[in-house]
Protein chains: 2
Amino acid sequence: MANGVNVDQLVGTIQAIQGNPGLAAFKFRSTSRWDGGAKSKTTIRAFYGAGQEDASRKESYVLAGDEPPVLLGTNTAPNAVEAVLAALSSCLTVSFIYPAAAHGVKVESFELTMEGDVDLHGFLKLSDKVRPGFQNIRVTARVKADAPRATIQQLLDHAIATSPVMDSLRNPVPVTVSLA
Amino acid sequence: MANGVNVDQLVGTIQAIQGNPGLAAFKFRSTSRWDGGAKSKTTIRAFYGAGQEDASRKESYVLAGDEPPVLLGTNTAPNAVEAVLAALSSCLTVSFIYPAAAHGVKVESFELTMEGDVDLHGFLKLSDKVRPGFQNIRVTARVKADAPRATIQQLLDHAIATSPVMDSLRNPVPVTVSLA
């Protein structure tokens with residue numbers, strides 16, 4: 001174990017995928033229900049990966065969404081773009097910690113602060129020239145680890161390059177929506 | 001009130017922004033801390049919008065991230081890409097419900113199921129040809145409302161076009177990361 005990560009299992013996973021590339025295909029899923037006003041609840045449990053349906057989760061996770069009053073909500077949960085910052089944080093953390101563990105770098109702390117700009121002209125369709133989504137996101141990483149700063153920067157660059165959520169934000173994801 | 005949304009406030013917000021475009025600029029923020037292994041916690045509270053720092057939230061929201069055992073985690077929270085599906089769900093819901101309220105369409109239920117494909121070859125850097133992020137996301141919407149299906153489809157198309165998280169996934173977001 002390093003940084004709380006089972007490095008033998010990580011190496012084993014990589015070798016298993018090299019022997020059987022199909023094991024790398026994962027399907028993640030969610031179900032959400034509107035709860036009135038700006039509120040919704042999203043339930044997450046089942047996923048497919050490593051060649052089978054996962055059976056390890058005994059309970060579902062429920063993630064709530066809402067808006068602050070200035071955006072017509074009731075302040076019971078973060079809003080959707082804030083939830084994206086949380087997802088990016090979680091992703092960059094894993095994408096840093098796993099390779100650090102594999103390279104024998106012991107991490108003491110890893111913190112991220114983020115700020116992202118959104119202009120409501122897009123969401124409210126008041127301008128065709130303003131995108132609805134994030135205009136940009138600024139991330140600051142604070143890392144304490146038993147490695148030189150250059151190594152920490154290399155690991156951070158690696159995390160940025162391999163983080164699934166970072167890639168999903170920086171590069172276009174095809175999303176299809178159908179009405180049942 | 002319609003669909004739990006204060007339509008007068010919505011109209012007032014639009015008029016206020018038309019009179020003072022700077023009110024539409026929002027900055028959303030997060031702070032995250034690694035909790036060992038795949039675990040992290042992201043704290044969300046303060047944001048800037050409508051010309052000032054928000055003071056309405058009395059408490060922070062804390063969002064946890066982890067991975068399932070097959071991805072070297074401990075199943076205490078959804079993983080990062082699942083959190084993105086939750087964020088997209090929350091966002092499409094608000095982006096549907098608000099305009100529905102403004103157009104006098106009474107919504108009885110609004111549900112979304114999502115599935116997204118991720119191939120670990122990207123995250124594990126086993127191939128330069130496989131992206132780390134979502135290869136695609138499929139969304140199915142189930143809507144009950146007092147409107148013809150064509151109107152519901154129009155509102156859904158509007159939500160898809162104006163949802164900040166949908167736009168952030170479909171189109172590139174510039175993200176900068178600096179090491180403190």
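Bear in mind that the values in this text are calculations on the coordinates, not laboratory data. Worth saying up front: this structure is predicted, and the values here are computed from it rather than measured. Positions of Cβ are backbone-derived with ideal geometry, glycine not excepted, and every protein chain shown enters the neighbour counts.
Hey, got a sec? Which trypsin sites (Lys or Arg not before Pro) in region A:106-180 land in a DSSP loop and have at most 15 other Cβ atoms within 10 Å?
Answer in residue order: A:K106, A:K125, A:K129.
What does the average come to when, for each residue of peptide B:57-64, you count the partner chain Cβ atoms lying within 10 Å of its Cβ?
On the way: counts 4, 1, 1, 1, 10, 2, 11, 4.
Shielding by partners across B:57-64 averages 4.
Among A:K27/A:K58; A:K39/B:K144; A:K144/B:K129; A:K129/B:K125; A:K144/B:K39, which pairs are too far apart, with a Cα-Cα distance over 28 Å?
A:K144/B:K129; A:K129/B:K125
How high is the relative contact order of region B:43-136, given as a whole-number percent (alpha carbon pairs under 8 Å, six or more residues apart)? List each step's numbers first, then the result.
Values: 83 pairs, mean separation 12.7, N = 94.
It rounds to 13 percent for region B:43-136.
Quick one: 3J(HN,Hα) in Hz for region B:90-107, Karplus 6.51/-1.76/1.60 with θ = phi - 60°, rounded, Gly and Pro as x.
Along region B:90-107, the couplings run 4, 5, 5, 5, 4, 5, 8, 5, 4, x, 4, 4, 5, 9, x, 8, 8, 9 Hz.
Other chains near A:142-148: what is the mean number of their Cβ atoms within 10 Å of each residue's Cβ?
Details: counts 3, 3, 0, 0, 0, 0, 0.
Neighbouring Cβ atoms belonging to other protein chains average 1 per residue here.
Identify the trypsin sites (Lys or Arg not before Pro) of region A:1-85 meeting these criteria: DSSP loop state and at most 11 other C-beta atoms within 10 Å of the C-beta.
Loop-located and lightly packed - A:K58.
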